[in-house]
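Every number here is computed from the coordinates shown, using simple stated rules; none is lab data. Predicted model only: the values in this text are computed from it and were never measured. Because the Cβ atoms are built from the backbone with ideal geometry, glycine has one as well, and the counts that use them run over all protein chains shown.
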Amino acid sequence: MEIDIKSLEPKQIYKLMTSIIVPRPIAWVSTVSKDGIYNLAPFSYFAGISSDPPLLLISVGSKETKEKKDTWQNIEDTGEFVVNMVTKETLEKMNITALPFDREIDEFEKAGLTPVPSSIVKAPRVKESPVNIECKRFEIIKIGKMGIILGEVLKVHVKEDILNEKGYVDTTKLEIIGRLGGANYCLINKENTFELKRPDKR
């Protein structure tokens, strides 16, 4: 079957793309507004794009009212944010923060999560998350109704027991959640991961 993308509505394209490009990591982004209100929301259009300089990317859309989502607006206003990792333990709370709350609502309170101070940025970290990445805005590129936000990584907080001697975070010690299409997610743990070494060059 061939699908002509130009014949589809944006919502149909979204459904198709998010069910094909899987699994996707979840950027659980915490920000603070210029008025001091905490915000927390998940985004699965998310990737690391460079290590020199250390950059990551999140794609944030607009509200139904066509206003920028709070995450986008806060990063634009303050230039700072934190990406927190989502695990099986925090999945239900992450799902609460995906709801479209009004701008004056603190999602940390709604989800029963603990905000803790970051080392560099004003945006709080999620205490319950085993990995937090402090970032500053590098660039925001507006494409259609989306804000492609490039963040420069400033500091990474990692639980000591998941960092191995080679400098990698051992994700098999966690139960990381990945995003699939629709309301589907996947679980990454020791049982469903494997190692594949590159062959010798011949």
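Conditions (1) under 17 Å from Asn95 (Cα atoms); (2) β-branched (Val, Ile, Thr), marked per residue:
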{"residue": "Ser33", "(1), (2)": "no, no"}
{"residue": "Ile37", "(1), (2)": "no, yes"}
{"residue": "Pro42", "(1), (2)": "yes, no"}
{"residue": "Val60", "(1), (2)": "yes, yes"}
{"residue": "Glu67", "(1), (2)": "no, no"}
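Please go through segment 142-165 and give me each residue that is within 12 Å of Trp72 (Cβ to Cβ) and free of Cβ contacts under 8 Å to residues at least 12 places away in the same chain, ordered by number.
Lys142 - this is the single residue of segment 142-165 that is within 12 Å of Trp72 (Cβ to Cβ) and free of Cβ contacts under 8 Å to residues at least 12 places away in the same chain.
Every residue in segment 96-115 that is surrounded by 14 or more Cβ atoms within 10 Å (Cβ to Cβ), farther than 24 Å from Leu180 by Cα and of a type in the set (Val, Ile, Thr), please.
Of everything in segment 96-115, just one residue is surrounded by 14 or more Cβ atoms within 10 Å (Cβ to Cβ), farther than 24 Å from Leu180 by Cα and of a type in the set (Val, Ile, Thr), namely Ile105.
Return the pairs, sorted by first residue and then second, in which the second residue is part of a strand (DSSP E or B), the first residue lies in segment 175-202 and is on the phi > 0 side of the Ramachandran plot, the beta carbons are less than 6 Å apart, and the residues are 6+ apart or on different chains.
none
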